[in-house]
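Laboratory data are not the source of any read-out in this text; all were calculated from the coordinates shown. Fair warning: this is a prediction, and the values are worked out from it, not measured in the lab. All Cβ positions, glycine included, derive from the backbone under ideal geometry; neighbour counts span all protein chains shown.
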Amino acid sequence: MSYSNLKLLPDKKQLEQDYLRIKPYLEKILSRIEGKVSQILELGSKPTLKSRVKKFDSYYRKLMRVNLCTDNSSLPLLTDLMGIRIICAFLEDLAIVEDLLKKNFTVKEIERKGASLNFKEFGYESIHILIEIPQEVQDELYTDDFYLPQSAVCEIQVRTILQDAWAEVEHELVYKSEFSPFDLPLKRKLASINASLSLADIIFQEIRDYQNKLNREIEFRRDRFYEKADALARESLP
């Protein structure tokens, strides 16, 4: 194994000090972005928003895992340093939210987790959208003492309620576990659970579509009734 291409991380204690120094600023930036996201969401069922700035231990573990470091910075940036999760009730809401985000933010990247799975596979599904820090947020919060490089982004994840439930459980069982002893029967059980949740999402959407269709028909009949009532009223006038 060659060590010539390995990058050395900055000293952990120094890195933690630098990180904790800027974390309050990151939280303010994230709060402003979350507020803007909340304002632009125009759905029948209001999505749930969650946000977080990575804790240092989580940040450092990921640095160790991806070996991310730059020669000119003591504090390497991660794309998910600041994160917002938008949790929607129905599958149709995902495309609506994505479109609203693209209209109101500068989007740098969109990744559709799980899109490459074939029809026999089931796994983590989520839309991950990287946005630039809005200029108005930079103008408000950036100072001579604190500012982020132009490459800094905020990650926005868009999921349904059931996709989020699966992701949380999978994260505990697989991602955070030091050892995941999943033999074939256990893997099949996990796949069947995920398949059931995916099917439930589809059925919920079909029920929602049927409900919307009925509402449109009722609205149409109501309008026709009022039109006829108005016509009869006009005919009865002397």
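Using 0.36 nm per residue, how much length does the chain from LYS12 to LEU43 gain when fully extended, once their Cα-Cα distance is taken away?
Full-extension gain reported as 6.8 nm.
Compute the normalised compactness of region 12-181: alpha-carbon radius of gyration over 2.2 N^0.38 Å, N being the residue count.
1.10
Between SER236 and ASP209, what is the FRET efficiency for a Förster distance of 41 Å, r being their Cβ-Cβ separation, to the nearest 0.05?
0.50
Taking R0 as 25 Å, what's the FRET efficiency between GLU140 and LYS108 from their Cβ-Cβ distance, rounded to 0.05?
Rounded to the nearest 0.05, the efficiency is 0.75.
For the pair LYS23 and TYR124, how long in nm is the line joining their label points, each one 7 Å along Cα→Cβ?
Distance between label points: 2.3 nm.
Place the peptides 82-94, 159-171, 197-209 in order of packing, highest mean first, counting for every residue the other Cβ atoms within 10 Å and averaging per peptide.
Ranked by mean Cβ neighbours within 10 Å, highest first: 82-94, 159-171, 197-209.
May I ask you to order 30-36, 140-146 by the average number of other C-beta atoms within 10 Å around their residues, highest value first?
In decreasing order of mean packing, 30-36, 140-146 become 30-36, 140-146.
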